[in-house]
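Below you'll find the structure, written out as structure tokens, and then a few comments.
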Amino acid sequence: QVQLVESGGGLVQPGGSLRLACAASGITFRFAIMGWYRQAPGKQRELVATITFGGITNYPDSVKGRFTISRDNAKNTVYLQMNSLKPEDTAAYYCNAHSGVNDYWGQGTQVTVSS
């Protein structure tokens with residue numbers, strides 16, 4: 001059974017930082033493309049960052065230079081370091097694992113950026 005368990009969300013002031021983590025089990029993690037997505041109320045889920053098994057990363061312009069995705073294959077964990085957070089970053093953040101032809105999702109963790 002595949003499980004993706006996110007942690008690290010919370011309330012932070014604008015300009016602050018948070019680090020999300022996603023622990024994976026039930027998949028061959030080192031071969032999976034891992035990603036983070038987010039969904040704000042009333043909006044579609046959008047890509048935040050992806051990282052291949054080779055460590056190639058991809059970000060949309062909205063987070064480029066502020067967010068960094070990384071992975072620890074020994075711990076089956078992917079991270080998202082978020083710096084210079086803005087109110088518009090407020091959303092539920094979801095971990096994604098693309099393994100073979102399958103996509104798996106975590107339950108999400110809430111990030112709220114507010115003063």
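The values are calculated or read from the model by the stated rules, or taken from the named source; none is laboratory data. These figures come from a predicted structure and were not determined experimentally. Quick reminder, even Gly has a Cβ in these numbers, built from the backbone with ideal geometry, and neighbours come from all protein chains shown. Quick note on the areas: whole protein, heavy atoms, side chains included, nothing else; ligands and nucleic acids left out. Shrake-Rupley method; radii C 1.70, N 1.55, O 1.52, S 1.80 Å.
log₁₀ I(q)/I(0) of the chain at q = 0.13, 0.16, 0.22 Å⁻¹, via Debye over equal Cα point scatterers, no solvent, to two decimals? So the normalised log intensities work out to -0.44, -0.66, -1.23.
Listed by chain and number, the lysines whose C-alpha is less than 21 Å from the C-alpha of LYS86, apart from same-chain residues fewer than 8 away, are LYS43, LYS64.
Carbon-plus-sulfur accessible fraction, region 23-115 (probe radius 1.4 Å, protein heavy atoms only): 49%.
Across the chain, the mean sequence separation of Cα contacts (distance under 8 Å, 6 or more residues apart), normalised by length, yields a relative contact order of 36 percent. Once C-alpha pairs closer than 8 Å and six or more residues apart are averaged by separation and normalised to the residue number of region 46-102, the relative contact order reads 22 percent. At a probe radius of 1.4 angstrom, the accessible area of the chain per residue rounds to 53 square angstrom. Spin-label pair ASN83-ASN58: with each label point 7 Å from Cα along the Cα-Cβ axis, the two points sit 2.4 nm from one another.
As an exercise, identify the trypsin sites (Lys or Arg not before Pro) in region 8-115 lying in DSSP coil whose Cβ has no more than 13 other Cβ atoms within 10 Å. Don't skip to the answer; put the middle values down first.
Working: sites: ARG19, ARG30, ARG38, LYS43, ARG45, LYS64, ARG66, ARG71, LYS75; in loops: LYS43, ARG45, LYS64, ARG66, LYS75.
Answer by residue number: LYS43, LYS64, LYS75.
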